[in-house]
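The values are calculated or read from the model by the stated rules, or taken from the named source; none is laboratory data. This one's a predicted model, so the numbers in the text were calculated from it and none came from an experiment. Backbone-built Cβ (ideal geometry, glycine too); neighbour counts: all protein chains shown. Surface areas here come from the heavy atoms of the whole protein model, side chains and all, with no ligands, DNA or RNA. Shrake-Rupley method; radii C 1.70, N 1.55, O 1.52, S 1.80 Å.
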Amino acid sequence: MNTRATFAVHEPATGALVDMAPNHTAQDATQAIERAHAAWPAWRSRTAGERAKLLRAWHDLILAHREPIAVIMSREAGKVMSESRGEVDYGAAFVEWFAEEARRTYGDVIPSPSPDRRLFALRQSVGVVAAITPWNFPLAMITRKVAPALAAGCPVIIKPATETPLTALYLERLAHEAGIPADVYQTLTTTANAELGAVFLSDARVRKVSFTGSTAVGKQLVAQSAQHLTKLSLELGGNAPILVFEDADIDAAVRGTVAAKFRHNGQTCVCVNRVYVHESVHEAFIDKFTAAVQQIRSGNPSDDTVQVGPLISERALHKVEGLVADAVAGGARIALGGVATGGQYYAPTVLVDVRSDMRIAKEEVFGPVAPIYAFRTEAEAIALANDTSYGLAAYLYSSNQARCWRVAEALEYGMVGINESLMATVVAPFGGIKESGIGREGSRYGMDAYLEMKYVCLGGLGWGD
Ligand code: NAP
């Protein structure tokens, strides 16, 4: 493989150079596909138990390297150390989970409509998988795809984000150390994202592309997949609402909103993007929420006491500034923050008097800005929450059980947190509806994306004596 060309990886916190990464080309991608395709028969022929054992060894190595991985992740993604350590644990948990699930890819024996036949549904590996992942979860978005693919018997090629190739390379090294064959798990770090994406979708040997990233790029991949009808799993953007009803425990709602808004400095797909509060508790909520946000400590993510770091890029910073400026021009008021604080840092911000026709209500903020809206009725809250093309995560706070169920069922989202704002776990299905994606990752459903169903009819069994 031509790995002579490299590109620089910089810290979003300081601009300092972290390291260089190999800059793979479209030609490298074709060679990787060749190798993966050649490795598929041997990999899928291994027993599920053998594949599980290798995954388990990889899991153990990831945890043994928890601290150095967290340091690299923190440096290249600007993620605070506590969250980076948490992501290593979360990401490793997918490897453990799918090592266990590998042994449970059951098929079916179907009651036959005729006595001389037996009918079976087998589940077999899809084939070569290409996975494209984002910078905001440099480890977990990889393991959430690689672990089920490997468990199912598929070779995988990972193309990580340009901003965070080093965590991806570390993970790959540990996988190979664990005994997972080099051609079965390959990583192509690159700055040529579109070229590699085009190679994956124009090569018929790639049977599946699993993508986590923006809805805009997801739509491009859907268009490109038409050529060979490549199977796609898409985990895309969100525009998460949180509904705080008048019967909610306001302190719990404040804590939940802070946690779900400011995680990774607002840069996760399930971060709260819109805060809807009933008019009767609106003022009380704003006071308590603003006081809580004021306590958030922003700074260099390598400092263990810091809670939020920088934004990933200058572009991200300008986007946040633009959304706040647009809201303020439309009549919103800054209750806290609202300023860039040097480098790629933006102060944790609370915006009030925000309206649903503003850009900030429609676009993914991906930054530390919480826009607060008021509502009058439950029906209005549901309508406002659903008034978006996205459908990934939504949250609600209420102490009325009937309302909790009613609203959870009415919210058009793939995931709903009731009186809980940090709900992601390996055992539950993660994914969105509408323009937030196709398919689910994690949980017992997470293997489905990497398995094809084959119907086998065994005939000629005769009628017996
Ligand atoms: P992005 O710009 O769509 O990039 C995601 C990945 O796609 C990166 O590896 C990127 O490479 C690559 N890419 C970009 N253009 C491409 C193209 N034309 N063809 C093939 N690959 C291409 O998204 P991002 O800014 O990194 O990530 C943030 C987005 O991801 C947000 O919208 C967030 O909500 C979403 N997200 C969703 C989930 C979920 O589970 N639903 C989880 C995390 C993040 P480069 O880095 O080289 O550009």
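Here residue 261 is the anchor, and the lysines within straight C-alpha reach of less than 27 Å, apart from those fewer than 8 places off in the same chain, are 79, 145, 219, 288, 319, 362, 434. State the antiparallel share, in %, of DSSP beta bridges confined to the range 271-402, rounding to the nearest 5. The antiparallel fraction comes to roughly 35 percent. Considering amide H positions built from the backbone, and no H for Pro or chain starts, which residues 5 or more places from residue 239, or on another chain, come under 5 Å of its amide H? HN-HN under 5 Å from residue 239: 391, 392, 393. Protein-only accessible surface at a 1.4 angstrom probe places the residues 457, 269, 154 in the order 457, 269, 154, largest first. Nearest 10 degrees, 0 to 90: what angle lies between the long axis of helix 215-224 and the longest principal axis of the chain (Cα atoms)? Once rounded, one gets 30 degrees.
From its DSSP helices (H runs of at least four residues, each -39,500 (n - 2.57)), the chain gives a residue-normalised ellipticity at 222 nm of -12500 deg cm²/dmol.
Every pair of different Cα atoms in the range 158-299 enters the Kirkwood calculation, which places the hydrodynamic radius at 18.6 Å.
For the chain, DSSP calls about 40 percent of its internal beta bridges antiparallel.
Between residue 158 and 131, 186, 187, 188, the built amide H atoms are under 5 Å apart, and every one of these is 5 or more places off in sequence or on another chain. Note on the range 340-465: Cα-Cα pairs beyond 22 Å make up 55% of the total pair count. Remark: the range 73-215 carries a charge dipole of roughly 360 debye about the Cα centre, counting +1 on each Lys and Arg Cβ and -1 on each Asp and Glu Cβ. Here the range 352-403 was treated as a single set of alpha-carbon atoms; its pair distances binned every 5 Å from 0 give 4, 15, 26, 30, 15, 8, 2 percent.
When the GluC sites (Glu not before Pro) in the range 419-465 are filtered for DSSP coil states and for at most 16 other beta-carbon atoms within 10 Å of their beta-carbon, the remaining sites are 420.
Label-to-label distance, residue 8 versus residue 445, with points set 7 angstrom from Cα along the beta-carbon direction: 4.5 nm.
Spatial offset of the range 245-281 relative to the range 175-224 amounts to 35 Å, using the alpha carbon center of each. The label-point distance for residue 109 and residue 402, in a model that sets each label 7 Å from Cα toward Cβ, rounds to 4.9 nm. Is the shape of the range 394-438 rounded, prolate or oblate, going by the alpha carbon gyration tensor and its root eigenvalues a ≥ b ≥ c, with a/c under 1.5 for rounded and a/b larger than b/c for prolate? Because a/c hits 1.5 or more and a/b fails to exceed b/c, the range 394-438 counts as oblate. Remark on the chain: Rg and Dmax equal 23.5, 87 Å (Cα only).
First check a/c for the range 253-309, with a ≥ b ≥ c the square roots of the eigenvalues of its C-alpha gyration tensor; if it is under 1.5, answer rounded, and if not, answer prolate when a/b is larger than b/c or oblate otherwise. It is oblate, given that a/c is not under 1.5 and a/b is not larger than b/c.
Could you give the distance between the Cα centres of the range 52-72 and the range 317-377, to the whole Å? If we compute the Cα centre of each part, the gap is 39 Å. Axis of helix 401-410 versus longest Cα principal axis of the chain: the two differ by about 60°, to the nearest ten degrees. Is the range 1-83 best put as rounded, prolate or oblate by its Cα gyration tensor, with a ≥ b ≥ c the root eigenvalues, rounded for a/c under 1.5, and otherwise prolate when a/b is larger than b/c, oblate when not? It is oblate, given that a/c is not under 1.5 and a/b is not larger than b/c. Helix 66-77 and the longest principal axis of the C-alpha atoms of the chain enclose an angle of approximately 60°.
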